[in-house]
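Below is one structure, written out as structure tokens; the observations come after it.
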Amino acid sequence: MGRALSFVPHRMLIQVCLYFYCKFLWRCMKFVMRKLTGRCELQRICYSTKPGASRTMKIETSLRDSKSKLLQTSVSVHPDAIEKTIDDIMELKNINPDINPQNLIADVEKLRREPYDSDNPQHEEMLLKLWEFLKPNTPLESRISKQWCEIGFQGDDPKTDFRGMGLLGLYNLQYFAERDATVAQQVLSDSLHPKCSKFSKAEWEKKRMDKAIGYSFAIVGINITDLAYNLLVSGALKTHFYNIAPEAPTLSHFQQTFCYLMHEFHKFWIEEDPMDIMEFNRVREKFRKRIIKQLQNPDMALCPHFAASEGLINM
């Protein structure tokens, strides 16, 4: 009897501790997690748990344990009220229902449809800036010049090369060259001299790697812009954006993704060691398939070690 009585205060103490944990400490932890991740508990459950019974039960528990009456009662609402209840929860928790980057697609499409205009001072300034970022120690002798071929344009006036992707191609190239100047200049140098990027001349000759060729940096940049654009509009990039921009992806996120693709394609090109530039489409298609396969992983985020990505990851 005495032993049973002595057990009662101990049990009560445990209950009191559990009460304070559930009432105060747990709520404080949830608040801290919200500030650190930018997501409410419901979002964290959905992002960290695979679809199925486990995730559904965790969501139900979170709703029942909430201090909000709306969330507590949402578990047992009438089927006719489910849609409205979901909308109310999203509004209460400030969850953006349009994670599908439609606004980003509109911004990207607008740039793609805008042609380069040599009479537009802003367009011309961006083009000249691109040269300065990529060739900081080499002055451009004139606006119309064969020097443009040194950074991978096809002729003496780059405006003709932007026809396919419009201003979007220029925006991406300038972003890469400005935000990742060191990387962009190295990729440019390697594209001109691929054999020197990983091996000495003697090593190349010893390994009989005489097929390695370069590519036109700017033209490939415009082509990779096309790849990034198609990944965006097809929805393939949704996995990536879900993981790095849970609120809503912006143009900067898209440009950071371009930087990643540009750098990865460069490495892939060297690894593939094509016989000539005529193999570009084959290499590009193989690269595209590899990226799409990576994006099928729900945890995938194309987050490079680029300066351009700093401050953009919104986890």
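Tell me which residues, restricted to segment 54-95, are touching a residue at least 12 places away in the same chain (Cβ under 8 Å) and within 14 Å of Arg44 (Cα to Cα).
Result: Lys58, Ile59, Glu60, Ser62, Leu63, Lys93, Asn94, Ile95.
Which of the residues belonging to segment 127-161 are open to solvent by less than 70 Å² (accessible area, probe 1.4 Å) and under 11 Å from Leu173 (Cβ atoms)?
Of everything in segment 127-161, those that are open to solvent by less than 70 Å² (accessible area, probe 1.4 Å) and under 11 Å from Leu173 (Cβ atoms) turn out to be Leu127, Leu130, Trp131, Phe133, Leu134, Ile151, Gly152, Phe153, Pro158, Asp161.
What single numbered condition from (1) polar (S, T, N, Q); (2) open to solvent by 10 Å² or more (accessible area, probe 1.4 Å); (3) at pLDDT 90 or above fails to hold for Thr239?
Thr239 satisfies all of (1) polar (S, T, N, Q); (2) open to solvent by 10 Å² or more (accessible area, probe 1.4 Å); (3) at pLDDT 90 or above except (3).
Mind counting the residues in segment 249-275 that are surrounded by fewer than 23 Cβ atoms within 10 Å (Cβ to Cβ) and farther than 20 Å from Tyr175 by Cα?
Of the residues in segment 249-275, 7 are surrounded by fewer than 23 Cβ atoms within 10 Å (Cβ to Cβ) and farther than 20 Å from Tyr175 by Cα.
Can you name the residue in segment 106-126 that is assigned to a loop (DSSP other than H, G, I, E, B) and in contact with a helix residue (DSSP H, G or I) (Cβ under 9 Å, 6 or more places away or on another chain) and, of all such residues, is surrounded by the most Cβ atoms within 10 Å (Cβ to Cβ)?
Tyr116
Part of a helix (DSSP H, G or I), closer than 30 Å to Lys238 by Cβ and not small (Gly, Ala, Ser) - does that describe any residue in segment 96-103?
yes
Conditions tested, residue by residue: (1) over 19 Å from Glu272 (Cα atoms); (2) part of a helix (DSSP H, G or I); (3) modelled with pLDDT of 95 or more.
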{"position": "Gln154", "(1), (2), (3)": "yes, no, no"}
{"position": "Gly164", "(1), (2), (3)": "yes, no, no"}
{"position": "Asn172", "(1), (2), (3)": "yes, yes, yes"}
{"position": "Lys198", "(1), (2), (3)": "no, no, no"}
{"position": "Trp204", "(1), (2), (3)": "no, yes, no"}
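Scan (1) open to solvent by 100 Å² or more (accessible area, probe 1.4 Å); (2) at pLDDT below 80 for the single condition Met57 breaks and write down its number.
(2)
The values are calculated or read from the model by the stated rules, or taken from the named source; none is laboratory data. Since this is a predicted model, take the numbers as computed values, not measurements. Counting neighbours? That spans all protein chains shown, and the Cβs are built from the backbone with ideal geometry, glycine included. Ligands, DNA and RNA are stripped out before the accessible areas are found, and what is left, the full protein with its side chains, is counted by its heavy atoms. Shrake-Rupley method; radii C 1.70, N 1.55, O 1.52, S 1.80 Å.
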